[in-house]
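Read the figures in this text as sums done on the coordinates, not as results from a lab. Fair warning: this is a prediction, and the values are worked out from it, not measured in the lab. Backbone-built Cβ (ideal geometry, glycine too); neighbour counts: all protein chains shown.
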Amino acid sequence: MFLFLDYLLSFGHFLVIAINLFGWIWSETRTLHMWVFGMTVISWLVLGLRYGLGYCFLTDWQWDIKRTLGEHDLPSSFIHYWVQKAGWDIQPFTTDIVTGLIFLILVVISVYVHVISPHKKARAKVNS
C-alpha cells in the first residue's frame with residue numbers, strides 16, 4: 001500500500017511540475033495552470049513562512065511514506081531527490097537556485113498570461 005502511495009505521489013509531483021511549467025501555454029489548460037500554480041505559490045510562500053521557503057506539502061507527505069518504506073537521508077526537495085536519482089552530482093543549493101529562478105520566471109509568465117493579457121484584450125475590444 002505504501003509503495004503504491006509513493007508512486008502515486010511521485011506521479012502527482014511530476015504532474016504538478018508539468019502543469020506549472022507548461023500549462024500556461026495552451027488556452028485550454030490555463031485555468032488549470034492558474035489553480036495548480038496558485039496552490040504551489042501558497043505552499044511555497046505562505047506555508048513556507050511557517051515551514052521554510054519552498055515548503056511543499058506533497059513532499060512532506062511523500063517523505064513520511066518513504067521513511068515508512070525505509071528510505072532515510074532524504075533531501076528537502078522532491079526535485080533534488082530526482083536530480084540525485086538521475087545520477088547528477090549537483091549540490092542541493094544549486095538545485096534550489098535553479099528551481100527558484102524557474103519559479104520566478106513562471107510568476108512573471110503567469111501574471112502576464114492570467115492578468116495582463118486578458119486586460120489588454122478587454123481594452124482592445126472596448127477601443128474597437
With +1 at each Lys and Arg Cβ and -1 at each Asp and Glu Cβ, the charge dipole magnitude of the range 4-105 around its Cα centre, to the nearest 20 debye, comes out at 180 debye
Any idea what angle helix 30-41 forms with the longest principal axis of the chain, computed on alpha-carbon atoms, 0 to 90 degrees, nearest 10?
50 degrees
Would you please calculate the Kirkwood hydrodynamic radius of the chain over all C-alpha pairs and express it in Å, rounded to one decimal?
16.3 Å
For the range 28-69, rounded, prolate or oblate, judged on the Cα gyration tensor with a ≥ b ≥ c (square roots of eigenvalues), a/c < 1.5 rounded, else prolate if a/b > b/c?
oblate
Considering every Cα-Cα pair within the range 53-128, what fraction, in whole percent, is farther apart than 13 Å?
75 percent
Within the set 118, 75, 92, GNM on the chain using Cα springs under 10 Å gives the largest fluctuation to 118
Of the residues 37, 101, 18, the Cα lying farthest along the dipole of the range 12-107 towards its positive end, which is defined by charges on the beta carbon of Lys, Arg, Asp and Glu, belongs to 37
I'd like to know which of 48, 27, 90 lies farthest towards the positive end of the charge dipole of the chain, counting +1 on Cβ of Lys and Arg and -1 on Cβ of Asp and Glu.
27
Please list, by residue number, every one of the chymotrypsin sites (Phe, Trp or Tyr not before Pro) in the range 23-128 that is coil in DSSP and has at most 15 other beta-carbon atoms within 10 Å.
26, 88
For n ≥ 4 DSSP H runs only, could you compute -39500 (n - 2.57) per run for the chain, divide by its residues and tell me the 222 nm figure to the nearest 500?
-22000 deg cm²/dmol
